[in-house]
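Structure record follows, encoded as structure tokens.
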Amino acid sequence: MLFNMDHISSKFTELYGKSPKMFRSPGRVNLIGEHTDYNEGFVLPAAINKEMVFAIAPNGLDKCRVYAADLNESEEFLLADLKASDKGWCNYLIGVVAQFQKKDIQVAAFDLVFGGNIPIGAGVSSSAALECGLGFALNELNGTGLDKLELVKMAQKAEHEWAGVQCGIMDQFASMFGKDNSVIRLDCRSLEKAYFPLNIEGYKILLLDTGVKHSLASSAYNTRREECEAGVAFFAKSNPEIKSLRNVTVEMLDEAKGKMDATVYTRSRYVVEENNRVLAACEALEKGDLAKFGEQMYGSHNGLSKEYEVSCPELDFLVEQTKDKDFVLGSRMMGGGFGGCTINIIKEEAIDAFVSETAKIYHAETGIELKAYVADIVDGSSVL
């Protein structure tokens, strides 16, 4: 990311005539555990080397001046009167400042230049990197001493309240708590975390971007949440202690088959099995069994496509291209679904030829230019 750091720093000095403090905050991937977060389940994300870099310094004014280097756009906002901006990107920043103010923490007005190499729209959480990076920087600059988990919760609330996106906590958690060469098993019920080393020497994480975002995504997301809630309600009738699908077992589902709505049963089964796949994937990492880890990824995609029905032809097509390749350990759709990326673990030496061949086949099938990103796993938000 260093290529960008100097550019951001020099732009800051050019605009504001002083030297900044420098920070960084990464995007994330999720290896396995999809649509489990709002069901109090497990996810397995990691921070990646697609990052935002921040140059920031107090300005002694009553307003903040911010500049988005990648967009060549600037904005100002008054600390005493925070209002939504018509520049969408700025609302993520204003939202973070608002969370400090809600805690009665006086943030000193600042100048900021930020930019990075996170591909927008690829589902690697540029918004979480933006929120976490500013939150981390303001915590350092103002000496407020908030811990990382508090900053994560504030970043999530900024997105809920100022960007209007009711996101789970995984993206911000991974951006803040990422650890070099490790994945994070996050328990979305307790917010307890455990790190597992991702020793994939000779392999790389490859993201293939379908280039599509089907309009079903948001409506289907809401429907899936309702179907999961209906599943919880069914089991809670006989056992009031059941508060989420996290409490439901495969045996309970077997017993309930034919007694509950068929669609609700299928959705619930996917979530319960996906949680089990995350746990099995972590066990495989502990044993160094990468083939088993890859199997869990394929199982995840199959469940997302056939049981949870949040995939799409483009995602399924890209996963299918990997199945007869002995240099691919595992592949699945990543994120909410209906578009976005597949995440693949692939032998490094095979990447160029595989991407080239797959791009040709994908273009012939869909007419879309395939984008590919290789990602390394890195530390979370930090001072530069």
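The values are calculated or read from the model by the stated rules, or taken from the named source; none is laboratory data. Treat the numbers as computed from the prediction; the structure is a model and nothing was measured. Every residue, glycine among them, receives a Cβ derived from its backbone with ideal geometry; neighbour counts consider all protein chains shown. Each accessible area value is taken on the protein alone, full model and side chains, heavy atoms only, with ligands, DNA and RNA left out. Shrake-Rupley method; radii C 1.70, N 1.55, O 1.52, S 1.80 Å.
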| Under the Debye formula (equal points on every Cα, no solvent term), log10 I(q)/I(0) of segment 105-178 at q = 0.19, 0.22, 0.23 Å⁻¹ | -0.81, -1.06, -1.14
| q = 0.13, 0.17, 0.18, 0.22 Å⁻¹: log10 I(q)/I(0) that the Debye formula gives for segment 273-384, counting C-alpha atoms only | -0.54, -0.90, -0.99, -1.31
| Two-decimal Rg/Rh across segment 31-136, once Rg and the Kirkwood Rh are taken from alpha-carbon atoms | 1.02
| task | Using DSSP to define loop residues, name the GluC sites (Glu not before Pro) in segment 1-88 whose beta-carbon has at most 13 other beta-carbon atoms within 10 Å. | result | none
| message | P(r) for the chain, please, calculated from all Cα pair distances in 20 Å bins and given in %. | response | 28, 55, 17, 0
| said: My understanding is that a pair violates if its Cα-Cα distance is over 24 Å; which of K193/K371; K157/K306; K153/K193; K292/K325 do that in this structure? | reply: K193/K371; K157/K306
| note | Rounded to whole Å², per residue accessible area for the chain with a 1.4 Å probe reads 43
| message | Helix-only mean residue ellipticity at 222 nm, the chain, DSSP H runs n ≥ 4 weighted -39,500 (n - 2.57), per residue, nearest 500. What is it? | response | -14000 deg cm²/dmol
| task | Work out the length of the dipole vector of the chain about its Cα centre, built from +1 on the beta-carbon of each Lys and Arg and -1 on the beta-carbon of each Asp and Glu, and round it to the nearest 20 debye. | result | 560
| request: Compute the signed sum of charges (Lys and Arg +1, Asp and Glu -1) over the other residues within less than 13 Å, Cβ to Cβ, of C90. | output: -1
| field | Sites matching GluC sites (Glu not before Pro) across segment 193-231 that sit in DSSP coil, with at most 16 neighbouring C-beta atoms within 10 Å | value | E201
| Calculated SAXS-style log₁₀ I(q)/I(0) at q = 0.12, 0.22, 0.29 Å⁻¹ - segment 170-231, Debye, Cα scatterers | -0.55, -1.01, -1.11
| message | Which residue, N239, F173, T13, has the largest displacement toward the positive end of the dipole of the chain when charges sit on each Cβ (Lys, Arg +1; Asp, Glu -1)? | response | N239
| field | Qualifying trypsin sites (Lys or Arg not before Pro) for segment 294-384 [loop in DSSP, other Cβ within 10 Å: at most 14] | value | K323
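Quote the convex hull volume per residue of segment 253-330, based on C-alpha atoms, as a whole number of Å³.
Dividing the Cα hull volume of segment 253-330 by its residues yields 91 Å³.
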| query | Round to a whole number: what % of the accessible area of the chain belongs to carbon and sulfur, probe 1.4 Å? | reply | 48
| Within the P(r) computed for segment 79-221, what percentage of the Cα pairs occupies the region above 28 Å? | 25
| Roughly how big is segment 39-187's charge dipole about its Cα centre, with Cβ charges of +1 (Lys, Arg) and -1 (Asp, Glu), in debye to the nearest 20? | 160
| field | Ratio of Rg to Rh over segment 146-274 (Cα coordinates, Kirkwood Rh, two decimals) | value | 1.02
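Near Y298, within a Cβ-to-Cβ distance under 15 Å, what is the net charge of the other residues, with Lys and Arg +1 and Asp and Glu -1?
Summing Lys/Arg as +1 and Asp/Glu as -1 gives -4.
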